[in-house]
1. For A:Arg273 and A:Leu142, FRET efficiency with R0 = 41 Å and r from the beta-carbon atoms, rounded to 0.05?
2. Quick check: residue separation of A:Asp163 and A:Glu22 times 0.36 nm, minus the Cα distance between them. What number comes out in nm?
3. Rounded to the nearest 5, what % of the DSSP beta bridges within region A:224-378 are antiparallel ones?
4. Give me the one-decimal nm value for the distance between modelled label points at A:Leu5 and A:Glu102, 7 Å along each residue's Cα-to-Cβ direction.
5. Going by a ≥ b ≥ c, the root eigenvalues of the Cα gyration tensor, does region A:274-338 fall in the rounded group (a/c under 1.5), the prolate group (a/b larger than b/c) or the oblate group?
6. From the helices alone, meaning DSSP H stretches of at least four residues, give me the mean residue ellipticity at 222 nm for chain A, per-run term -39500 (n - 2.57), in deg cm²/dmol to the nearest 500.
7. Determine the shape class of region A:2-163: with a ≥ b ≥ c the square roots of the Cα gyration tensor eigenvalues, call it rounded for a/c under 1.5, and otherwise prolate if a/b is greater than b/c, oblate otherwise.
8. Where in chain A are the helices, taken as whole DSSP H runs, whose Cα atoms extend 15 angstrom or more along the long axis and whose Kyte-Doolittle mean reaches at least -0.5?
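Every number in this text was worked out from the coordinates using simple rules, so none of it is lab data. Just so it is clear, the structure is predicted and the values come from calculations on it, not from any experiment. A quick note on method: Cβ atoms are made from the backbone with ideal geometry, for glycine too, and the neighbour counts reach across all protein chains shown.
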Amino acid sequence: MEEELLRIRREKLQKLWEMGIEPYPYKFDRQYFSSDLLEKFGTLGVNDDSQLNDPNAPRVKVAGRIMSQRSKGKTAFAHIQDMHGKIQIYARKDILGDLVYEAFSKQFDLGDVIGVKGVLFKTHTGEITIKAEEITLLSKSLRYIPVGKEKVMDDGTVQRFSDVDDKEFRYRQRYADLIMHPEVRETFVKRSKIISSIRQFLDQRGYLEVETPILQPLYGGASARPFVTHHNTLDMKLYMRIALELYLKRLIVGGFDKVYEISKIFRNEGMDRFHNPEFTMLEFYEAYSDFHDLMTLTEEMLGFVCHTVNGTLEIDSMGHRVNFKPPYARLSMFEAIKQYTNIDVSEMSEEQLRDECKKLHIHTEPAWDRGKLIDELFSEKVQSHLIQPVFITEQPIEISPLAKKHRSKKGVVERFELFILGSEVANAFSELNDPIDQRQRFEAQMGLRARGDEEAQMLDEDFLRAIEYGMPPTAGEGIGIDRLVMMMTNQESIRDVLFFPTMRPE
RNA sequence: GCGUCCAUAGCUCAAUUGGCAGAGCAAAUGACUCUUAAUCAUUAGGUUCAAGGUUCGAUUCCUUGUGGACGCACCA
């Protein structure tokens, strides 16, 4: 049957050639988007057809995809969809002429792209409509788009019938998903706005956007397993980056005092609705600042982003109302654990922590040290409770090999993670710029690697050489863009904020 | 990587204890000069995800595989 549908379309294409109608012309001078016309001419009276017989009335030209068609013999209605919405067109045989009307009503299908020139009027049911004087085929669609019929309800919402509900279809053929689902397009428009508003925010504060290598001889800056690839000419192993951190700090050494990068990073790990193998990361670094400064900056940035995208600082997402209005709560990791579990980990040994985890039925690995155990306790028992924005500060030094020791507290670093809706949104610290200390931290990581921790970080001699030249005191932060977009757009799966999520081959 | 669930017409879904595989929409043909889930009439459309098994008989039960969704583990 599918073949039958495709065959019919191809026959129509052939018929169009025979009729002298070019199915794939080169250009159309589009004048308005549908939304422009609905706004601009919304004041037309119901059933106002005063312009219809007026040769001097303004002619409008729009272009888009046919999304519905209601033929009534010698007249027909259709809706065409462009980037900003839909508009109805009204076709009459006596205006368009036999040939064009014949083509329009017989050879055109849902999914075809057409250009329309005509006069606006409002139907007696009150819909702004273009009475077509010219209809031009701009692209014949050979593949059937299963577009569901729609009904606009009294409250303005659109109810769709027999809509495609198959997630697999929608992810694999996002182009078709986007045609059929304006709300999906909306999500991605918001995604785009989120990213551009971040750029705007950082640019305004004197940050320079930079690009650093994706293919790296050594991967670092995070704990994760990498993708490995090979360069033929150099005959060498290359890794896809797992973080932006180490190269951006090299630029701080080089004298770029405020830099940021928004780009894809890659982690060779499990996939679920929060994880895609490639995802977008923002990292920014600012010389002469510390992690306190970044907390303030982060509050301002998220407030700005949320307001730009949603027009408000309070949004409903994941079943909660979240308030992005600064300032956000601040709590040390130890305080947070104490608050939610009544356990004081500040003086506990590795042994004691292991016992506490066991009591709470938290799975542990023998390779885990004190810091990792505390982090695990936090992740299991505290994190999901953190709904409103909260900065969790002063993480254990063992799990923060690139962060500076806390200036006054032992065993922890100057770091914060921002949690919202139970999920980590930002991770920042006063960057470790003591090359001797940094070398020791790397060596400790190599020790973990020897203990069997595949994700422990690698010692990067070139990075050490860079900070041996002297890196100013610096604060740096990373924000996972996809998670932020999920939050801001109320999407439950990362696949719904990625145009083309990673899928197995068909 | 492990577990649970799902896969029937182009789309959304039915199909009684295991007994001739159906409907709406979309499509084709025809009627219809303000329709809007347009309407009316007619027609066509199926390797029931794949392979194997049980059975007189499998969309239905069993096994394996493929793809997806969800959960767990790992992680952001």
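1. 0.75
2. Here the answer is 47.6 nm.
3. 100
4. 2.8
5. rounded
6. About -9500 deg cm²/dmol.
7. oblate
8. Those that clear 15 Å and a mean of -0.5 are A:291-310.
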